[in-house]
């Protein structure tokens, strides 16, 4: 018999595990062990034996290896602006600055498709009219050398130390643009000139967001950032006479952050740990090994349906970015996947950070998760995994060669496919989409359509919810709302669990339920209700015992009553052949590919693909 633990006794891991295994009642220990997207184990319990935090291996805040971040103090609330019109963008910027935003992330697109249309200096002047550049630093996103030069000219005589020009030819390659060695050379030459003119500004962006938004794992994001940063370090120090200190000081890292708070916290800490090691290996002194991190809330996690759930996702991601020690954070509005944000959506986005920083006081705590055994262990596990992937990329000739040779894309695709399979089988649910979907809910307003994000290029952007949302869109386009009649066996208490499961599954495909809580005293009453509903698809819900006794007869009566397709909620087991012979066409159950099941139902309902 395992020893019973009592208060006051020294903790004993062996005794604890014995008690846990007893509680599992024969289930394997592995049932309690989670796994990250990189295959790293998440144990049910961590202790000092897992990582010796008593000696504080992470160092001090603001000191090498910078795992704990830059030190105490609030991050910069840097919101994104991408309305095509410079005039509208200016109004949004001024409103957000008045509402507590501390910096501007200006998304630039000369054509006005995926950002602000800035083609000449006058356009930039309009977009930034009334903005005090010393108090509200500007960060460019997607800008070419011409726009960067416009901003440089605008900043002459202005003390704006946090300005980020963010030239990034590698990021452009990852998003589908052709690689140009001359563009890379021009970008580093600009960085060299700017280092002399505006020594406290950053010029080049090391962007891991494309890997994240294409479905990559946490270690893959870190590895891509490391490889891109190494490329820029080499280009700066070899071609432009930069010192290593100057080269590192001109880099600004951009990384997406999802809603899994502890994993994302560890990801940011691991990136800083790895980058400090890169600078150390390059001969940099300890004080010069810091990585400046700009965190963006993930866009792949955002949903079009039930979009108010995005408020929770964004809040969790922003919390993770803050706890992880980001220097600047951008929170996207909850309607980001639907279109351009309204003033209300923008207000929610910025106030998410204001609440975390001012009311939760996160801005006054350095490395809140530091010292937690799980976070410290995962930080180092992620760092080790990412370092190995970075070495693999370097062995392929570096990040540019890796992208051109499809090596990085292959790694990301494998991680994406694995995650999408887990979502398709609902082992990884998406609230409001694959689990607890709300049919018929009103869509929030937007300020206009946004051009679809690119789904081509080296690392095409995805959203996890998109496959289920496509099914919903098909169902909504049907002449009438597709519906399934619930043929329940026995009393409500007997069939309610499976009826609820089936209702949620069908709703994920835009299919409405008819009579999911109805009890039927006779098969004749069930057949009459089916005929009255006009439904041509029926689902039988009940207990396994009820299925053995009555499912075959119920299926026959349903088919005779007009059902063209009959489904059972539950696994068929050994009775599958008999059930199919009786007219049952499909089985729905936990763990199956829900997308395949819903596509089959769509076909039965006549919903056009």
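The values are calculated or read from the model by the stated rules, or taken from the named source; none is laboratory data. What you are looking at is a predicted structure, and each value in this text was computed from that prediction instead of being measured. Using ideal geometry, Cβ is built from the backbone for each residue, glycine included, and neighbour counts are taken over all protein chains shown.
Under 30 Å from residue 181 (Cα atoms), surrounded by fewer than 18 Cβ atoms within 10 Å (Cβ to Cβ) and under 20 Å from the mean Cα position of the chain (by Cα), is that true of residue 414?
yes
All but one of (1) part of a loop (DSSP other than H, G, I, E, B); (2) more than 19 Å from the chain's Cα centre (by Cα); (3) crowded, with 21+ Cβ neighbours inside 10 Å hold for residue 433; state the number of the condition that does not hold.
The number of the failed condition is (2).
Would you confirm, using the coordinates I've provided, whether residue 380 is closer than 29 Å to residue 66 by Cβ, assigned to a helix (DSSP H, G or I) and in contact with a strand residue (DSSP E or B) (Cβ under 7 Å, 6 or more places away or on another chain)?
The answer is no for residue 380.
Only one of (1) over 30 Å from the mean Cα position of the chain (by Cα); (2) within 17 Å of residue 162 (Cα to Cα) fails for residue 125. Which number is that?
(2)
Which one is farthest from the chain's Cα centre (by Cα), of the residues in the range 87-102 that are in a loop (DSSP other than H, G, I, E, B) and either at negative phi or not assigned by TED's automatic domain parsing to the domain that holds residue 330 (or both)?
99
Quick one: residue 576 ticks every box in (1) over 18 Å from residue 468 (Cβ atoms); (2) under 40 Å from the mean Cα position of the chain (by Cα); (3) touching a residue at least 12 places away in the same chain (Cβ under 8 Å); (4) assigned to a helix (DSSP H, G or I) except a single one, so which number is it?
All conditions are met except number (3).
Count, please, the residues in the range 333-345 that happen to be in a helix (DSSP H, G or I) and surrounded by fewer than 23 Cβ atoms within 10 Å (Cβ to Cβ).
2
What do you reckon, is residue 349 under 29 Å from residue 251 (Cβ atoms) and at pLDDT 95 or above?
When the stated conditions are applied, residue 349 passes them.
Checking the conditions here, which among 554, 604 is within 16 Å of residue 471 (Cβ to Cβ), in contact (Cβ under 8 Å) with a residue 24 or more places away in the chain and either touching a strand residue (DSSP E or B) at 6+ places or on another chain (Cβ under 9 Å) or surrounded by fewer than 20 Cβ atoms within 10 Å (Cβ to Cβ) (or both)?
Residue meeting the stated conditions: 604.
When the residues of the range 492-517 are filtered to those that are in contact with a helix residue (DSSP H, G or I) (Cβ under 7 Å, 6 or more places away or on another chain) and either within 22 Å of residue 557 (Cα to Cα) or not assigned by TED's automatic domain parsing to the domain that holds residue 553 (or both), which remaining residue is surrounded by the fewest Cβ atoms within 10 Å (Cβ to Cβ)?
Result: 517.
Quick one: in the range 63-86, which of the residues that are without any contact (Cβ under 8 Å) to a residue 60 or more places away in the chain and assigned to a loop (DSSP other than H, G, I, E, B) is surrounded by the fewest Cβ atoms within 10 Å (Cβ to Cβ)?
85
If I filter the range 438-461 for residues that are at pLDDT below 95 and touching a strand residue (DSSP E or B) at 6+ places or on another chain (Cβ under 9 Å), do I get at least one hit?
Yes, that holds for at least one residue.
I want to confirm something. Restricting to the range 115-130 and keeping residues that are buried (at least 17 other Cβ atoms within 10 Å of the Cβ) and free of Cβ contacts under 8 Å to residues at least 40 places away in the same chain, which single residue is nearest to residue 183 (Cα to Cα)?
Here the residue is 118.
Taking residue 256, is it under 22 Å from residue 409 (Cα atoms), touching a strand residue (DSSP E or B) at 6+ places or on another chain (Cβ under 6 Å), part of a helix (DSSP H, G or I) and at pLDDT 95 or above?
no
Among the candidates 248, 239, which residue alone is closer than 22 Å to residue 165 by Cβ and either surrounded by 24 or more Cβ atoms within 10 Å (Cβ to Cβ) or at pLDDT 95 or above (or both)?
None of the other options fit; the residue is 248.
Just to check your reading of the model, which residue among 530, 459, 489 is in contact with a helix residue (DSSP H, G or I) (Cβ under 7 Å, 6 or more places away or on another chain) and more than 28 Å from residue 575 (Cα to Cα)?
So the residue among 530, 459, 489 that is in contact with a helix residue (DSSP H, G or I) (Cβ under 7 Å, 6 or more places away or on another chain) and more than 28 Å from residue 575 (Cα to Cα) is 459.
How about the range 557-573: which of its residues are farther than 28 Å from residue 534 by Cβ and either surrounded by 20 or more Cβ atoms within 10 Å (Cβ to Cβ) or touching a residue at least 40 places away in the same chain (Cβ under 8 Å) (or both)?
none
Under the condition of being in a loop (DSSP other than H, G, I, E, B) and under 26 Å from the mean Cα position of the chain (by Cα), which residue from the range 462-509 is farthest from residue 521 (Cα to Cα)?
That would be 462.
I'm told residue 534 meets every condition in (1) closer than 16 Å to residue 513 by Cα; (2) over 32 Å from the mean Cα position of the chain (by Cα); (3) modelled with pLDDT of 95 or more except one. Can you identify the failing condition by its number?
Status for residue 534: all satisfied but (3).
If you go through the range 397-418 one residue at a time, do you hit one that is assigned to a helix (DSSP H, G or I), farther than 30 Å from residue 80 by Cα and touching a strand residue (DSSP E or B) at 6+ places or on another chain (Cβ under 9 Å)?
No: zero hits.
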